[in-house]
Amino acid sequence: MTTDITIDKNKKIIHRTETGEMYTARSLTWVRELALALKFHEGYNILMDLRETETQPEMLDLMAIA
């Protein structure tokens, strides 16, 4: 499990890289942390790098994450 958040002020991008298994609780925490970062950087875009993750949520969990 690796988490990395960087904020590029020149390009106005919040970039987050995640690796490992992404179950529902971890996914929701991840989204909340990004939302908090976005709250302090209004007008920024979010770039999520999930290439090295494995997701395991069920259909109801996917709706909660969205």
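The values are calculated or read from the model by the stated rules, or taken from the named source; none is laboratory data. Just so we're clear, the structure is a prediction, and the values are computed from it rather than from any experiment. Don't worry about glycine lacking a Cβ; one is built from the backbone with ideal geometry, like all the others, and counts go over all protein chains shown. We work out accessible area using only protein heavy atoms, side chains counted, and drop any ligands, DNA or RNA first. Shrake-Rupley method; radii C 1.70, N 1.55, O 1.52, S 1.80 Å.
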### Task
For Leu47, indicate whether it is exposed (fewer than 14 other Cβ atoms within 10 Å of the Cβ) and modelled with pLDDT of 85 or more.
yes
### Task
Please work out which one of (1) at pLDDT 85 or above; (2) open to solvent by less than 40 Å² (accessible area, probe 1.4 Å); (3) closer than 15 Å to Leu62 by Cα is the condition Thr24 fails and give its number.
(1)
### Query
If you take the residues in the stretch 5-60 that are polar (S, T, N, Q) and in a helix (DSSP H, G or I), which one is farthest from the chain's Cα centre (by Cα)?
Thr24
### Filter pass, Thr29 being open to solvent by less than 90 Å² (accessible area, probe 1.4 Å) and touching a Pro at 6+ places or on another chain (Cβ under 9 Å)
no
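To keep it simple, each residue is scored yes or no on (1) exposed (fewer than 14 other Cβ atoms within 10 Å of the Cβ); (2) in contact with a Gly (Cβ under 6 Å, 6 or more places away or on another chain); (3) modelled with pLDDT of 85 or more; (4) of a type in the set (Asp, Glu).
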position	(1), (2), (3), (4)
Thr2	yes, no, no, no
Thr6	yes, no, yes, no
Asn10	yes, no, yes, no
Arg16	no, no, yes, no
Leu34	no, no, yes, no
Lys39	yes, no, yes, no
Gly43	yes, no, yes, no
Met59	yes, no, no, no
Ala66	yes, no, no, no
